[in-house]
Amino acid sequence: MKLGVKMVLVLMSIALVSGLLLSYTYESTKKDIMRNKEIEKEKAVRVVLPGTHRFEEKVIDAKNSLLISYDANGNVIGYAMLTEGTGFQGPIKLMIGFDTTLTRITGIEVLENVETPGLGNRITEKWFKEQFKGRLTPIGYVKGTKPTNPHDIQAISGATISSRSVVKIVNDAWKLCKKEIKK
């Protein structure tokens, strides 16, 4: 057999075995990955809406879900939006909490992002997320100074695009939440 044919057969064999191993690994870990994402979602709801005893989820579309949060007595304590938007590097997935009147943000939690490490990725830092608590909706941002308006947060220096993206995602989620609650 010619050398070229042997090389093609060896490469095809390696590709086939690699593909099968990759498929097997994906299928064998898929349930664990889904379970871990569900646990992460439950933790995030409790972070953005403290006092949550249970919640109901209403899937709106592929990127948005409304979660109605209840206390131990069955009273609605707030609403959370599981949502995704575009950042500087790629998608940013957030859990955003709102009070029952939808006038204040109760918190945000960053679930996924691919922003630049050390810059845009600072959206995951506690100081940045804490700024959103108690802010009036809709929100805005200021650069290089402390916010004086109860609607504004301070953008991350050097990562204004990531900060602006988070603000846009939060405002879009707030609008969608208001629309869904009225239904």
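Each value in this text was obtained by applying a stated rule to the coordinates, not by laboratory testing. These numbers come from a predicted model, not from an experiment. So basically every Cβ, Gly included, is an ideal-geometry build from the backbone, and we count neighbours across all protein chains shown.
Remarks
- Within the range 142-169, being within 14 Å of Glu130 (Cα to Cα) and either surrounded by 12 or more Cβ atoms within 10 Å (Cβ to Cβ) or of a type in the set (Asp, Glu) (or both) holds for Pro147, His151, Asp152, Ile153, Gln154, Ala155, Ile156, Ser163, Val166, Val167.
- Phe132 being without any contact (Cβ under 8 Å) to a residue 40 or more places away in the chain and either in contact with a strand residue (DSSP E or B) (Cβ under 6 Å, 6 or more places away or on another chain) or of a type in the set (A, V, I, L, M) (or both): yes
- Enumerated strands (runs of 3 or more DSSP E) restricted to the range 84-183, each holding at least 2 residues that are under 19 Å from Ala62 (Cα atoms): 91-98, 105-113
- Phe55 vs. criteria in a strand (DSSP E or B) and either aromatic (Phe, Trp, Tyr) or surrounded by fewer than 15 Cβ atoms within 10 Å (Cβ to Cβ) (or both): yes
- Total residues in the range 152-183, condition β-branched (Val, Ile, Thr), in contact with a helix residue (DSSP H, G or I) (Cβ under 9 Å, 6 or more places away or on another chain) and closer than 15 Å to Asn121 by Cα: 3
- Candidates Val45, Val8, filtered to the one that is within 32 Å of the chain's Cα centre (by Cα) and not polar (S, T, N, Q): Val45
- Qualifying residue in the range 113-129 (condition: in contact with a Gly (Cβ under 6 Å, 6 or more places away or on another chain), in contact (Cβ under 8 Å) with a residue 24 or more places away in the chain and on the phi > 0 side of the Ramachandran plot): no
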